[in-house]
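Engineer: Before we start, here is the structure in question, set down as structure tokens.
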2 protein chains.
Amino acid sequence: MGGDHAPAAVVQGAVHAVREHGLRLVLVGRAREITALLAEQGAAREIPVVHAEDTLAMNEGALASWRRPRSSVAVACKLIRQGDAAVLVSAGSTGGVVATSTVRLRSQPGVLRAALAVALPTRPVPTILLDAGANADAKPEMLVQFAHLGAAYAQTAYGVAEPRVGILTIGSEPGKGNKLARKAAELLHATAADTTAGAPRLDFRGNIEGHDLLAGEVDVVVTDGFTGNVALKSVEGAVSFAFDTIHEALTSSRLAKAGTLLQRSALRDLSDRFDSDTYGGAVLLGLNGTVVIAHGASSSRGIERACLLANDLAGGHIVDQVRRRLHTAPRPQSWLHRLSHSEE
Amino acid sequence: MGGDHAPAAVVQGAVHAVREHGLRLVLVGRAREITALLAEQGAAREIPVVHAEDTLAMNEGALASWRRPRSSVAVACKLIRQGDAAVLVSAGSTGGVVATSTVRLRSQPGVLRAALAVALPTRPVPTILLDAGANADAKPEMLVQFAHLGAAYAQTAYGVAEPRVGILTIGSEPGKGNKLARKAAELLHATAADTTAGAPRLDFRGNIEGHDLLAGEVDVVVTDGFTGNVALKSVEGAVSFAFDTIHEALTSSRLAKAGTLLQRSALRDLSDRFDSDTYGGAVLLGLNGTVVIAHGASSSRGIERACLLANDLAGGHIVDQVRRRLHTAPRPQSWLHRLSHSEE
């Protein structure tokens, strides 16, 4: 029921995912509305519907939204808890979906905090940035866990055998950054150097600066949710600003306009690459069940992509992978120990 | 002596600034080298040279660099302290110039920390983002001061009568952000609401998100130096990524290439707008003297621009403006008071 074009675009995307890719889906929301939309596509018998009378409003605060036990997101979480579903896909408000699913699915054992991961359009494979906004105030130990969550994502969704991990900070030399980044980099170095049998490998490559986010130098970039959200939105805003400015420049005169006619297919490829529909959405990692949050403006194609991403993550057993990584990962240092070192 | 093309590009830019704009300059560095370069342009008698035998290395750490009392930056700071110069322009490493000038010029009375301000290419006037990296770990009170520093900059350099100020955070609703941003927003609201006679006006417009940095909705965006540096570099990286990608797409086929011939002048305007040389550089505000840090890769044109910006800031008496604003600004709350409120 979430998203600017819901429920029509969601239902249509789901039908495509089932018919074209053989996915197994359940639709959760107001049953009569959904069934009518399915019937329009002749798909009423292809996808089961589970009723949820309530919905999260797009602008609803996180606190209000998780109080709604009958929202479509809450009911979908219940399906996961019961073992009737493996992944949740929603195009609802990120704050609401994160809050609801965090409370209802709870963190996996050993996970300090779930993190929101997004795929940046680097090549040949996307770079995973996390946390993109679930935890505005993070602790250094959380960033080490985010590295494992991101590595599991890169392996599962993009088949990267040994994901390279970097930390987002403000200088290329070691020791640069704010207190949080400096301490987290220290812990990440220690984790990467840990060769205890059974400890999950972490290929930590050190500092990544803002201008390297799209350079594809690493597969996973970890940061706190405040910095990650600002960086992600700065990148998105700058890319669309550059495109708008170029579009304006290219159509500013009759001659320039004639030029764009000659470039049509090149420009189409390009806009496709930057289309948020192409990547399927942000993924909330570290809960007892995976949550894919599609862009609020998702078309049916965006929903279809989000379902495919969800299917890849579930098929790759990402929850189990995270469990294996974090059960064997060195225990995070205690709160007291951290305080005495990082706040000095 | 600082910058990728120093000292030749610096000397040439200085000569342009003097000849074409009537600026009064002193060049500081290795006198023989500089005098020879001036002679090449027939300008040996137009610009005085002050000798400094030492230079800051581009990759030198902040700590090492401020220990060099005979570096060109240190000697230029001495000229300012003696009243023989008003502004310092350097294309040296940002870390080194910030460290050296902070120690040698010291903060103005009442200024907690100097901040690095950059101009983002919005229209009709640039948006000032600060702090762009001088203070990786900031306190909420500092962000209130940054608002005043940025407002003085927007007034002095761009003639904005009542600069609108926003805070960089991760949601549009009040109360969004990490602890630092939430507390700083609270203090900024209180400052804006303060109508005490003589108190400097602050037009605080609330939250600004990453994608709004280039939207021109406010004239000044305040944030801590870590977030500001990540955001600035993310924007720079994303814009150049978008340009490269578009360039690649536009030259990928013979037809598309033919198209770009038709668009030449439109594309030239555009690349000009994003050229870092156009904006003159970052400005370190809040010291007893202003420091303009030109891009390390500055051409002579970039240096000329940096000198013009420096001249505008000195001519507008920005140091006095900051003094007036911060002398009458409500006293920052005490450390103890802040601690008990913001760390809870």
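Engineer: Of all beta bridges DSSP finds with both residues in chain B, what is the antiparallel percent, to the nearest 5?
Structural biologist: In chain B, DSSP labels about 40 percent of beta bridges as antiparallel.
Engineer: Considering only B:A39, B:A76, B:A14, give the residue with the highest GNM mean-square fluctuation for chain B, with springs between Cα atoms whenever their separation is below 10 Å.
Structural biologist: Comparing B:A39, B:A76, B:A14 in the GNM, the peak value goes to B:A39.
Engineer: Where is the GNM fluctuation largest for chain B (alpha-carbon springs, 10 angstrom cutoff): B:S234, B:S299, B:S252?
Structural biologist: B:S252
Engineer: About its Cα centre, what dipole magnitude does the protein assembly as shown give when the only charges are +1 on Lys and Arg Cβ and -1 on Asp and Glu Cβ, stated in debye to the nearest 20?
Structural biologist: Using Cβ point charges on Lys, Arg, Asp and Glu, the protein assembly as shown gives about 640 debye.
Engineer: If you don't mind, there's one more thing I want to ask. If you project the alpha carbons of the stretch B:1-107 onto the principal axes, what extent comes out on each, in Å, largest first?
Structural biologist: On the principal axes, the stretch B:1-107 reaches 38, 27, 20 Å in Cα extent.
Engineer: Calculate how large, on average over all directions, the projected area of the Cα convex hull of the stretch B:157-217 is; give the answer in nm² to one decimal.
Structural biologist: One quarter of the hull surface, i.e. the mean projection, equals 4.9 nm².
Engineer: Something else now. Quick check on chain B: what are the equivalent-ellipsoid semi-axes from the Cα gyration tensor, as sqrt(5λ), descending, whole Å?
Structural biologist: Output for chain B: semi-axes of 33, 28, 18 Å.
Engineer: Over the stretch B:11-125, what is the mean sequence separation of C-alpha contacts under 8 Å (at least six apart), divided by residue count, expressed as relative contact order in percent?
Structural biologist: The value is 20 percent.
Engineer: Starting from the Kirkwood radius over alpha-carbon pairs of the stretch B:99-202, derive D by Stokes-Einstein at 10 °C in a medium of 1.306 mPa s and give it in µm² s⁻¹.
Structural biologist: The diffusion coefficient I find is 107 µm²/s.
Engineer: Shifting gears a bit: Viscosity 0.692 mPa s, temperature 37 °C: Stokes-Einstein D of the protein assembly as shown from its Kirkwood Cα radius, in µm² per second?
Structural biologist: 121
Engineer: Moving on. If you project the alpha carbons of the stretch A:105-158 onto the principal axes, what extent comes out on each, in Å, largest first?
Structural biologist: Principal extents (largest minus smallest coordinate, Cα): 32, 21, 20 Å.
Engineer: So what is the 222 nm mean residue ellipticity for chain A from helices alone, if each DSSP H run of at least 4 adds -39500 (n - 2.57) and you divide by all residues, rounding to the nearest 500 deg cm²/dmol?
Structural biologist: Counting only the DSSP helices, I get -15000 deg cm²/dmol.
Engineer: Using Cα pairs closer than 8 Å and at least 6 residues apart in sequence, work out the relative contact order for the stretch A:129-187, in percent.
Structural biologist: With pairs under 8 Å counted, the relative contact order is 35 percent.
Engineer: Classify the stretch B:199-262 from the C-alpha gyration tensor, please: rounded if a/c falls under 1.5, else prolate or oblate depending on whether a/b exceeds b/c.
Structural biologist: Prolate shape, in that a/c is at least 1.5 and a/b is the bigger ratio.
Engineer: Relative contact order of chain A, please, whole-number percent, based on alpha carbon pairs below 8 angstrom and at least 6 residues apart.
Structural biologist: So the answer I get is 23 percent.
Engineer: Could you tell me the extents of the stretch B:36-159's C-alpha atoms along the three principal axes, largest first, rounded to whole Å?
Structural biologist: 47, 36, 29
Just so you know, all these numbers are worked out from the coordinates, no wet-lab data involved. Values in this document were obtained by computation on a predicted structure and should not be read as measured data. No Cβ is skipped: glycine too gets one built from the backbone with ideal geometry, and neighbour counts run over all protein chains shown.
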